[in-house]
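One structure is given here, and the rest of the page talks about it.
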Amino acid sequence: MVANRDYEPYARQRDKSVYAQLQGEQIGFRAFKDHVIFEKNEVVKADGTPYTVFTPYSKKWKAELTDFYTKSYPVERYTQNLRQVENPSAILTLNQMGFDETQQVDFPSMNIDEELLRHYDQTRDIPSIQGTSRLSIHLRFGTISIRQLVTTALSTNSKFLDELIWRDFYQMIIYHFPHSATGSFRPAYDRIRWENNEEHFRLWCEGKTGYPLVDAGMRELLAKGFMHNRIRMVTASFLTKHLLIDWRWGETWFAEKLLDYELGSNVGGWQWAAGSGCDAAPYFRVFNPTSQQQKFDPDFTYIKKWVPEFGTTNYPEPIVDHATARLQAIQRYKEGLV
Ligand SMILES: Cc1cc2nc3c(=O)[nH]c(=O)nc-3n(C[C@H](O)[C@H](O)[C@H](O)COP(=O)(O)OP(=O)(O)OC[C@H]3O[C@@H](n4cnc5c(N)ncnc54)[C@H](O)[C@@H]3O)c2cc1C
């Protein structure tokens, strides 16, 4: 049997037990790298330990990259002797695996828009336009090749290449630090005393916090199963810092709603925002959702698309005051980290 490697803790455990079971039946099991450019220990520090900071990792990643890593692998010699499944009807259907085939989901196109990528560094932070590739769902499900995408990135935009390297980085982190799937990457952060106010959490999930950029993002997530990266950072920062709600609550909500959900990047993004992750935002950096709006959605285009009642009396007052919440967050983090 052959399979592509998956670096998440659950998948590794699953593959290990499949391997053991097949071995008992004298059936071979071979796993290959597929969905990343560099895996596991292919990009590590000089002393062989994994990187935990992105910039030196990406430097080494770029230095290691040769044509070999971006061209297709000749798989025929591995597959020609494989036996066909004797009883294909024994293979689980999508329904049996828990997928709903009747869903009419509006998937982003698989088309790689090179013109868009050429301007990516200037457009990537503007949530009201299509300034990013929207290929995350295809990368997540393997309907697009990372090798093809890196090849395109090399000839179009170095910033876009950097984002693809973040993806490899988080796959490497989840492989070497599986504890970070459920606990803080830096264990000291597990001592933070969260408020975990359930009413605040509900309002955040529903996009009713009274902070329009946060609310627009949360409603985009509910409607589309997608959220722009800048807004993922703003909403995650708001939940963990302004509301002092455990990042795992937010991570779980995103996992449930995102069509591109993928453990390594989701946990990485959440712990970055919470300050508890590798190479994370420092805990005292608290995004101001109002200045983020002024910078990235100055004419409220994105906000008005997702929050039509914004600016009317039907729109709620902010559930917390930014200045007070910011000071409280810094104080609470400080207490936890001593
Ligand atoms: C709190 C939080 C949660 C996130 N959860 C996920 C998740 O579950 N799944 C997921 O694929 N990405 C996640 N991201 C990363 C990023 O937001 C999405 O990959 C991106 O918004 C997808 O849109 P795009 O395809 O247009 O990205 P583009 O900007 O076009 O980037 C191209 C590709 O690079 C990769 N990429 C871009 N940014 C990142 C990043 N910061 N970390 C890792 N890979 C990146 C993605 O595969 C993406 O499709 C998360 C970020 C944050 C802050």
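The values are calculated or read from the model by the stated rules, or taken from the named source; none is laboratory data. Remember, it's a predicted structure, so these values are computed and weren't measured experimentally. So basically every Cβ, Gly included, is an ideal-geometry build from the backbone, and we count neighbours across all protein chains shown. Remember, those area values only see protein heavy atoms, side chains included, never the ligands or the DNA or RNA. Shrake-Rupley method; radii C 1.70, N 1.55, O 1.52, S 1.80 Å.
For the Cα atoms of the chain, what angle does the longest principal axis make with the long axis of helix 247-257, in degrees from 0 to 90, nearest 10? Rounded to the nearest ten degrees, it is 60.
Packing order of peptides 69-76, 159-166, highest average first: 159-166, 69-76 (average count of other Cβ atoms within 10 Å over each peptide's residues). Rounded to the nearest 20 debye, the dipole magnitude of the chain is 800 debye, with +1 charges on Lys and Arg beta carbons, -1 on Asp and Glu beta carbons, and the Cα centre as origin. With semi-axes defined as the square roots of five times the eigenvalues of the C-alpha gyration tensor, the equivalent ellipsoid of the range 36-141 measures 32, 27, 15 Å, largest first. Grab the beta carbon distance between V53 and E198, set R0 = 25 Å, and tell me the FRET efficiency rounded to 0.05. Efficiency, rounded to the nearest 0.05: 0.10. Can you tell me, using C-alpha contacts under 8 Å and at least 6 residues apart, the relative contact order of the chain as a whole percent? It comes to 18 percent, rounded to a whole number. Put simply, the range 187-337 fits an ellipsoid with semi-axes of 23, 18, 14 Å; these come from the alpha carbon gyration tensor as the roots of five times its eigenvalues, largest first.
Relative to the current alpha-carbon distance between K40 and D113, full extension at 0.36 nm per residue lengthens the span by 23.3 nm. Taking max minus min of the alpha-carbon positions on each principal axis, the chain gives extents of 68, 45, 43 Å, largest first. Extension gain for A20-L154 works out to 44.2 nm (0.36 nm per residue, less the C-alpha to C-alpha distance). Taken one residue at a time, the phi angles of the range 305-319 give Karplus couplings (6.51, -1.76, 1.60, θ = phi - 60°) of 5, 9, 10, x, 7, 4, x, 10, 6, 7, 7, x, 6, x, 6 Hz. Gly and Pro are set to x. When Rg and Dmax are taken over the Cα atoms of the range 273-318, they come to 14.4, 42 Å. Listed cross-link partners K40/K62; K33/K71; K159/K224; K257/K304; K159/K295; K224/K304 are compared with a 18 Å cut-off, the Cα-Cα value being larger for K159/K224; K257/K304; K159/K295. Compute the acute angle (0 to 90°) between the alpha-carbon long axis of helix 146-156 and the principal axis of greatest extent of the alpha-carbon atoms of the chain; round to the nearest 10°. Approximately 60 degrees, to the nearest 10. Estimated from the Cβ-Cβ distance and a Förster radius of 25 angstrom, the FRET efficiency linking Q104 and I129 is about 0.50. Rg over Rh for the range 112-195 works out to 1.10, both radii taken from alpha-carbon positions and Rh defined as the Kirkwood radius.
Annotation for S145 and N314: the two label points, set 7 Å from Cα along the Cα-Cβ direction, are 5.0 nm apart. The apolar share of the surface of the chain, taken as the fraction of accessible area on carbon and sulfur atoms (1.4 Å probe, ligands and nucleic acids excluded), comes to 52 percent. Partner aspartates and glutamates whose Cα lies under 17 Å from the Cα of K241, excluding those fewer than 8 positions away in the same chain, are identified as D190, E195, E198, E199, D215, E251, D321, E335. Here's the picture: charge each Lys and Arg Cβ at +1 and each Asp and Glu Cβ at -1 in the range 1-152, and of I129, Q96, I37 the one pushed furthest to the positive end of that dipole is I37. Working ranking of peptides 17-30, 105-118, 200-213 by packing, defined as the average number of other Cβ atoms within 10 Å per residue, highest first, is 200-213, 105-118, 17-30. Across the range 77-83, rounded Karplus estimates of 3J(HN,Hα) from the backbone phi angles (6.51 cos²θ - 1.76 cosθ + 1.60, θ = phi - 60°) give 5, 8, 9, 5, 9, 6, 7 Hz, Gly and Pro being marked x. Paramagnetic label reach from Q13 (point 7 Å along Cα→Cβ; backbone nitrogen cut-off under 16 Å): within the range 252-267, residues 263-264.
Residue-wise HN-Hα couplings along the range 220-237, as the Karplus relation 6.51 cos²θ - 1.76 cosθ + 1.60 with θ = phi - 60° gives them from phi, are 4, 4, 5, 7, 10, x, 9, 8, 4, 4, 4, 6, 4, 5, 5, 5, 5, 5 Hz; Gly and Pro carry x.
Close amide-amide hydrogen proximity is noted between Y51 and K45, each under 5 Å apart and 5 or more residues distant or on a separate chain (H modeled in the peptide plane; Pro and chain starts excluded). Global dimensions of the range 163-212 from alpha-carbon coordinates: Rg and Dmax equal 15.7, 39 Å.
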